[in-house]
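The next block holds one structure in the form of structure tokens; read it before the comments.
Readers should treat all values here as calculations from the given coordinates under stated rules, not as data from a laboratory. This is a predicted model, so every value here is computed, not measured. With ideal geometry, Cβ positions are generated from the backbone for all residues, glycine too; neighbour counts draw on all protein chains shown.
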Amino acid sequence: MPSVNFFEEDIDFTLSNEDYISHWIKTIIEKEGFALQELNFIFCSDEYLYQMNVDYLNHDTYTDIITFDNSEEDKQIEGDIFISIDRVRDNANSIKSTFEDELARVIIHGVLHLMGHKDKTPEEEKGMREKEEACLSLRP
């Protein structure tokens, strides 16, 4: 059965509105023409995600999100999205946003990556930001 799951690792964090966020994610996935299989969000500390970045991606940097695509078929969403709550808080403060808005942006950013959206070049990054904003505007 298709599901969106939320976990925490190396941090004490509970998403306060899981049902609402889960419904929003499912709506975006369907609207984009994808089918949800299983999507796991793992909220973690900066240090935990940093170590994953080093171990799995050979990147010696801190980041707010790492997305692993586990799907085996096109147009299927199955993956693990690791999000540093520490980094999201810091980013929200630095851009004068709320923690909730920044977390929603990072969550949907990971989902968009699983749909094939990239953000390596300036053009891709611009497209990703536009897509994020479109998805964020669908939050009730």
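Worth pointing out:
- Calculated SAXS-style log₁₀ I(q)/I(0) at q = 0.15, 0.26, 0.27 Å⁻¹ - the stretch 44-100, Debye, Cα scatterers: -0.52, -0.96, -0.99
- Length gained on full extension, Asp101 to Asp10: 30.5 nm, using 0.36 nm per residue less the C-alpha separation.
- Sequence of Leu112, Leu39, Leu136, Leu57 once ranked by neighbouring C-beta atoms within 10 Å, starting from the fewest: Leu57, Leu136, Leu112, Leu39
- Residue with peak Gaussian network fluctuation, the chain [Cα springs, cutoff 10 Å], from Val111, Val88, Val54: Val54
- Using the Cβ-Cβ distance between Asn17 and Asp55 with R0 = 35 Å, the FRET efficiency computed as 1/(1 + (r/R0)^6) comes to roughly 0.65.
- Ascending count of other beta-carbon atoms within 10 Å, so fewest first, for Tyr48, Tyr62: Tyr62, Tyr48
- In order along the stretch 97-103, phi translates into HN-Hα couplings of 10, 7, 4, 4, 5, 5, 5 Hz, rounded to whole numbers, per the Karplus curve 6.51 cos²θ - 1.76 cosθ + 1.60 with θ = phi - 60° and x for Gly and Pro.
- Simple spin-label estimate for Lys118 and Asp74 gives 1.7 nm between the two label positions (7 Å along the Cα-to-Cβ direction from each Cα).
- Gaussian network model of the chain, Cα within-10 Å springs - most flexible of Ser84, Ser22, Ser94: Ser94
- Computed over the chain, Kirkwood Rh from alpha-carbon pairs, angstrom: 15.3
- 3J(HN,Hα) couplings calculated from phi for the stretch 81-91 with the Karplus curve 6.51 cos²θ - 1.76 cosθ + 1.60 (θ = phi - 60°) are, in sequence order, 10, 9, 10, 7, 5, 4, 5, 4, 4, 4, 5 Hz; Gly and Pro show x.
- Taking Asp80, Asp69, Asp19 as the candidate residues, the one with maximal mean-square fluctuation in a Gaussian network model of the chain, Cα springs under 10 Å, is Asp19.
- Computed [θ] at 222 nm, deg cm²/dmol, the chain (DSSP H ≥ 4; -39,500 (n - 2.57); rounded to nearest 500): -15500 deg cm²/dmol
- Distant-in-sequence amide contacts of Tyr62, defined by a placed amide H-H separation under 5 Å and a gap of 5 or more residues or a different chain, comprise nothing.
- Couplings for the stretch 15-27, taken from phi via the Karplus curve 6.51 cos²θ - 1.76 cosθ + 1.60 with θ = phi - 60°, read 5, 6, 10, 4, 4, 4, 5, 4, 4, 4, 4, 4, 4 Hz in order; Gly and Pro are left as x.
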